[in-house]
1. Can you report the number of residues in the range 98-110 which are in contact with a helix residue (DSSP H, G or I) (Cβ under 6 Å, 6 or more places away or on another chain) and not basic (Lys, Arg)?
2. Select, from Ile183, Ile230, the only residue that is closer than 24 Å to Asn121 by Cα and aliphatic (A, V, I, L, M).
3. Can you find a residue in the range 211-234 that is β-branched (Val, Ile, Thr), over 22 Å from the mean Cα position of the chain (by Cα) and under 17 Å from Tyr187 (Cα atoms)?
4. List, please: which pairs have Cβ atoms under 9 Å, are six or more places apart or on different chains, and start with a residue in the range 127-154 that is without any contact (Cβ under 8 Å) to a residue 24 or more places away in the chain and end with one that is assigned to a helix (DSSP H, G or I)?
5. Any residue that is exposed (fewer than 14 other Cβ atoms within 10 Å of the Cβ), modelled with pLDDT of 85 or more and either closer than 29 Å to Pro227 by Cα or of a type in the set (D, E, K, R) (or both) - is there at least one of those in the range 117-134?
6. Can you tell me which residue in the range 169-194 is surrounded by the fewest Cβ atoms within 10 Å (Cβ to Cβ), limited to those that are in contact (Cβ under 8 Å) with a residue 12 or more places away in the chain and among the hydrophobic types (A, V, I, L, M, F, W, C)?
7. Check the range 75-94 and report whether any residue there is over 13 Å from the mean Cα position of the chain (by Cα), surrounded by 19 or more Cβ atoms within 10 Å (Cβ to Cβ) and modelled with pLDDT of 95 or more.
Amino acid sequence: MKFIQFLVPIVLILVLLTLFYFKYDLVFTITRKNLQLNDGQEKNEIHSTTEDTNELPYLSNTSKLKTGDSHWENMKGAQERNKMKSILLLRPGKSGSGTALERFQLSNIKFDFCHPLPCINQTRDAESVFITIRDPVERFVSAFNWRSLLICNDFNETRQRGRSRANYPMEYCDERVEEKEIIHHKYKKNVNNLAMALCQQHHHKEAITDVDKISHAKYSLSDWLQPSKIWHNSEGESKLLPLVLESGYDFKNQIDESIRFVFSHNYDAEALEKKENKYKNKLEQKSKLSFDKSLRNGDRLM
């Protein structure tokens with residue numbers, strides 16, 4: 001009897017330890033799957049961005065919180081950012097979307113973006129959707145020439161085959177056999193040859209199929225903006241805000257005004273002034289860095 005009384009607590013402890021182990025293992029498994037999903041977001045062309053890395057992200061990260069008064073300031077800032085209405089930036093290829101992305105990132109606001117694939121489903125939950133647009137013909141020409149540049153040449157290719165192609169097109173190239181066959185071989189790196197094929201009745205269908213295999217060129221504006229009821233926000237207003245890359249329009253000013261629009265809908269007058277001044281200072285710093293870099297590059301060329 002005494003043996004049984006001694007054994008019962010031990011069994012209970014073992015049961016609790018077992019439950020704890022399985023609970024921990026389940027949490028670990030779920031966390032690992034979430035991390036895998038997050039790693040896969042870039043492949044799915046859906047990205048989420050936060051404020052700059054020196055500040056607290058929108059999703060609170062306690063490892064970056066400081067003690068003392070700054071702790072409460074960071075907590076307050078996190079709460080303010082979590083209240084911000086969701087923003088989505090749609091980035092069709094070769095529509096000036098890289099410039100828009102850069103300035104949105106400098107603005108220190110939270111937003112998601114899609115590039116270069118359309119992401120209609122992600123627009124449902126966004127309160128405001130910005131999209132960069134450009135003349136379809138100009139965008140098509142730019143997309144063809146861009147891919148022609150990025151794809152590795154058959155002969156005398158000095159670039160490395162691999163990563164960072166878009167950021168460093170003079171250092172890396174892309175070895176995509178099918179796209180290379182179309183752009184370099186079939187149409188001889190000349191967009192006019194593809195345009196002529198599109199206009200010729202006996203080549204039209206084949207040319208359309210070829211366009212569908214060229215990254216950045218295969219998705220038209222209608223693919224990004226499919227007819228839907230999702231283009232209105234919770235107040236019944238249109239939530240679709242275009243940024244137009246077109247001669248005669250100040251593209252960067254449109255982006256800056258869009259950022260101010262986001263600021264004005266999320267901050268009071270005092271905070272709004274601080275945000276605008278901070279963004280202005282970052283633009284000035286960015287401009288100075290770009291100017292200094294151009295001078296250094298110029299010195300190398302002289």
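1. Adding up the residues that qualify gives 4.
2. Ile230
3. Checked against the condition, which is being β-branched (Val, Ile, Thr), over 22 Å from the mean Cα position of the chain (by Cα) and under 17 Å from Tyr187 (Cα atoms), the range 211-234 yields at least one hit.
4. From the range 127-154, the pairs are Val137/Ala195.
5. no
6. Looking at residues that are in contact (Cβ under 8 Å) with a residue 12 or more places away in the chain and among the hydrophobic types (A, V, I, L, M, F, W, C), I get Val191.
7. Yes: the range 75-94 contains one or more residues that are over 13 Å from the mean Cα position of the chain (by Cα), surrounded by 19 or more Cβ atoms within 10 Å (Cβ to Cβ) and modelled with pLDDT of 95 or more.
The values are calculated or read from the model by the stated rules, or taken from the named source; none is laboratory data. These figures come from a predicted structure and were not determined experimentally. For neighbour counting, all protein chains shown are included, and Cβ atoms are generated from backbone atoms with ideal geometry for every residue, glycine included.
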